[in-house]
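Structure, as structure tokens:
The values are calculated or read from the model by the stated rules, or taken from the named source; none is laboratory data. Treat the numbers as computed from the prediction; the structure is a model and nothing was measured. For neighbour counting, all protein chains shown are included, and Cβ atoms are generated from backbone atoms with ideal geometry for every residue, glycine included. To get the accessible areas, we keep the full protein, side chains included, count just its heavy atoms, and leave off ligands, DNA and RNA. Shrake-Rupley method; radii C 1.70, N 1.55, O 1.52, S 1.80 Å.
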Amino acid sequence: MSEIRRKIGEVREMIDIHCHILPGVDDGAQTMEDSIIMAEEALDQGIDTIIATPHHLNGKYENPRLSILHKVLELNEALQQAGIEVTILPGQEIRINGDMITGLEQEEILPLNVDSTYVFVELPSDQVPQYTKQMLFDIQRAGYKPIIVHPERNKKLIEDPDLLYHFVKGGAYTQVTAGSVAGKFGKNIQKFTHQLIQANQAHLIASDAHNTAGRSFFMKEAHQEIRKKYGSSSNYYFMENAYYVTQGEVLAAEPPERIKQKKFLGLF
Ligand code: FE
């Protein structure tokens, strides 16, 4: 934590709040060597702090709080030994489920950077469960702040963007993927991503990197795109919000607007 030596207004290095860099815990880095290669790529991208967010309860992987904390220590030690100046902070990508409040109470769920009170909520890729709105409300009532990860890649939200509008209006934040901003997931997802940004429905940009090949960081590319489209104040908006997440401070956010187009027919 003391290694975060950044002042707002003087942001030089980026923070990546969503990354599968922990070795051997999910479909991200498989070995410590993979993790180190990812950290080197992050540095090249201008990233000096990464929140490691392994999948939790997504049907394939379970990574409860304590095991993540332990692995983050190991990775930081290895990076230090390798002389790579990237700091790893603990986090978790939690697939939405009916037991999230119990998970928080029993300290199985790990908020970003442990005590920020920001909690990642991942929806299934092709649907939005009926109880989502209630769960986002319950998370907030329990004293936490939900961040919906990569809504731009959810099939149901693309078909019915009003759903996300109501979640954001209800106090949820969202994180779009750098690769989506930069067009790495195709034109349609890129278009929806920018509609979310323009409608004040995107508060954070993160890599969700799994490796240094197809699912790499693309943060530099995303920020180039943001600067080109919206000017550098938008770069700072997203970079500062990432910093606020690590510090548990309130994110900058404008009131969300509805996306004007009614339907996204023929996308899939
Ligand atoms: Fe992820």
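General observations
- Residue within the range 58-69 that is within 16 Å of the ligand (Cβ to nearest atom), modelled with pLDDT under 95, surrounded by 14 or more Cβ atoms within 10 Å (Cβ to Cβ) and not in a helix (DSSP H, G or I) present: yes
- Among the residues of the range 122-160, those that are over 14 Å from MET100 (Cα atoms), acidic (Asp, Glu) and either open to solvent by 10 Å² or more (accessible area, probe 1.4 Å) or away from the ligand (no atom under 16 Å from the Cβ) (or both) comprise ASP126, GLU159, ASP160.
- Checking ALA78, ALA52 one by one, the residue that is within 16 Å of the ligand (Cβ to nearest atom) and either touching a Gly at 6+ places or on another chain (Cβ under 9 Å) or open to solvent by 10 Å² or more (accessible area, probe 1.4 Å) (or both) is ALA52 and no other.
- Look at the range 166-189: where a residue is on the phi > 0 side of the Ramachandran plot and a partner is aromatic (Phe, Trp, Tyr) and not in a strand (DSSP E or B), sitting 6+ places away or on another chain with Cβ atoms under 9 Å, you get GLY171/PHE137.
- Sole residue being within 16 Å of the ligand (Cβ to nearest atom), closer than 22 Å to LYS220 by Cα and open to solvent by 50 Å² or more (accessible area, probe 1.4 Å), chosen from ASP44, ASP27, ASP16, ASP34: ASP34
- Identity of the residue in the range 172-229, part of a helix (DSSP H, G or I), within 16 Å of the ligand (Cβ to nearest atom) and among the polar types (S, T, N, Q), that ends up nearest to the chain's Cα centre (by Cα): SER180
- Filtered residues of the range 18-53 (kept if under 26 Å from ARG95 (Cβ atoms) and without any contact (Cβ under 8 Å) to a residue 24 or more places away in the chain): GLY24, GLN30, THR31
- Among the residues of the range 242-251, at least one is touching a residue at least 12 places away in the same chain (Cβ under 8 Å), crowded, with 23+ Cβ neighbours inside 10 Å and under 17 Å from the mean Cα position of the chain (by Cα).
- In the condition set (1) in contact with a Leu (Cβ under 7 Å, 6 or more places away or on another chain); (2) at pLDDT below 95, ALA213 is compliant with all but (1).
- Any hit, the range 259-266, residues being touching a helix residue (DSSP H, G or I) at 6+ places or on another chain (Cβ under 9 Å), buried (at least 20 other Cβ atoms within 10 Å of the Cβ) and not aliphatic (A, V, I, L, M): no
- For the range 81-121, a tally of residues being open to solvent by less than 20 Å² (accessible area, probe 1.4 Å) and either of a type in the set (A, V, I, L, M) or assigned to a helix (DSSP H, G or I) (or both) returns 14.
- Yes/no for ASN188 being touching a Pro at 6+ places or on another chain (Cβ under 6 Å), open to solvent by 30 Å² or more (accessible area, probe 1.4 Å) and closer than 29 Å to ASP160 by Cβ: no
- Taking the numbered list (1) under 23 Å from ARG153 (Cα atoms); (2) assigned to a helix (DSSP H, G or I); (3) free of Cβ contacts under 8 Å to residues at least 12 places away in the same chain in turn, LEU73 passes all entries but (1).
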